Each structure stands twice: as C-alpha cells, then as structure tokens.
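Right, one structure below, let's go through it.
Quick note: the coordinates plus some simple rules give every number you see, no bench work behind them. The structure presented is a predicted model; accordingly, all values stated were derived computationally and were not measured. Here the Cβ is made from the backbone with ideal geometry for all residues, glycine too, and neighbour counts use every protein chain on show.
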Amino acid sequence: MTMRIAGSLVLFAAFCYSQVAGQHKTIFRCNQCPEGPEVRAVVFVAGGEQADVKKALDDPAIVHKAVTFKNGDAEIKGYLVRPRKEGPYPGVIIVHGNPGATDDVRDTACQLAQAGFVGLLVDWGSRAPMPESKAERAKWVNRITGYTFQKLVLDDIRVAVEYLKSQPFVQPGGIGMVGFCGGGKQALMFSTRSKDVNAVVAFYASANFR
C-alpha cells in the first residue's frame with residue numbers, strides 16, 4: 001500500500017507539469033507573501049500558443065463537495081473529492097498555499113480524484129481568512145507564518161486525517177499528502193509526527209520559521 005500511494009503520487013506530480021505529449025501545464029500556487037502575484041494554470045501547445053484548459057472540476061466522473069469538521073470549538077472547512085465509480089480508493093490530504101479553497105486548488109484536488117484517489121483539501125484559512133486590506137495583510141502574514149498558528153494547522157490536519165479515514169470509500173492502510181508552498185511545509189512537518197502518512201509530495205515548500 002505504501003509503495004502504491006508513493007508511486008501514484010509521484011505520477012500525479014509529473015502530471016501536474018505535463019498533461020500530454022507536446023503540451024506543458026504550468027501550475028503555480030501563490031505563496032504566503034503579501035505581494036505574491038495572481039497566478040493560474042496555463043497550458044501551452046508546442047508552438048507556444050495558449051490552449052484551452054479543461055477543468056477537472058467539470059469531470060462528470062468525479063464527485064466533489066464542500067465539507068466541514070470540528071476541531072474543538074473551531075469549525076474547519078474542507079473540500080472532499082473522489083471518483084464516482086465505487087471504490088474504495090487511497091486517501092490523500094491536500095494542503096493549499098492560498099488561504100481558501102479556490103477553484104485553482106479545488107481543481108487540483110479533482111485531478112487527484114481523476115488519478116484514482118479520494119482527496120480532502122484542508123482549508124487552513126478557516127482559522128485566518130486573508131484580509132482584503134493591504135495594511136492588515138502584513139499582520140496576517142506575520143500571524144500565519146508564526147509557529148503558534150502552524151501548530152494549530154498541524155492539529156487541524158490531524159483531525160482532517162481522522163475524518164478522511166472515516167469515509168467508507170477510503171482504503172485502510174495509510175494516506176498520502178500533497179502540499180503547496182506553506183502547505184508543503186505543513187505536509188512535511190505533519191508527516192514526521194504521524195504514522196498514518198505513507199507518502200508526501202511537497203511543491204516548493206517554504207522553509208521559513210519564526
């Protein structure tokens with residue numbers, strides 16, 4: 001099971017950057033910097049022209065929905081995705097870099113379902129939504145990059161793992177994790193303290209600590 005999850009996640013990582021022969025899909029997730037650019041997935045064909053991107057969110061073979069789960073008094077938002085065909089399937093926790101379950105990261109979660117996984121996107125922004133005010137954003141960044149907040153997120157991931165494992169369409173025997181930027185750091189950190197995690201794919205995980 002461990003090798004299957006690890007091998008499949010490696011293939012998924014490759015898929016994120018090369019969908020089909022002759023095409024290249026660039027996926028960026030903005031980091032936790034206040035000046036981070038707005039970015040999105042783009043596919044270019046061999047001649048350099050931009051091609052249409054077909055969203056996994058629109059795939060009728062995928063079932064996806066918003067969910068919530070409790071961690072103490074806090075209600076944590078998530079997004080649960082799975083193949084429509086009867087399972088069970090390996091489970092994967094997804095931790096985003098953007099504060100919120102945007103279409104971008106939800107589509108990435110659905111790509112996992114297309115690859116034969118049950119994915120649970122953990123919205124750590126439930127605890128700290130990104131403020132619209134630029135003046136307030138520096139304080140927000142200072143908070144979310146501090147270790148006190150990181151510990152809260154790690155505990156939310158722990159609860160998310162239990163929630164994912166309780167789903168009847170998830171295979172027993174451990175889970176995988178996929179994280180982007182700050183979410184990649186959290187995935188790596190969580191994997192060191194949980195026996196449930198069999199594989200981690202961390203995309204450009206940040207390494208700053210305070």
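What to note about this one:
- Measuring between alpha carbons in the structure, the pairs from K134/K165; K55/K185; K134/K195; K54/K195 lying more than 29 angstrom apart are K134/K165; K134/K195; K54/K195.
- Loop-located GluC sites (Glu not before Pro) in the range 73-156 (DSSP state not H, G, I, E or B) with no more than 12 neighbouring Cβ atoms inside 10 Å: E86, E132.
- Alpha carbon convex hull of the range 123-207, projected area averaged over orientations, nm²: 6.2 nm²
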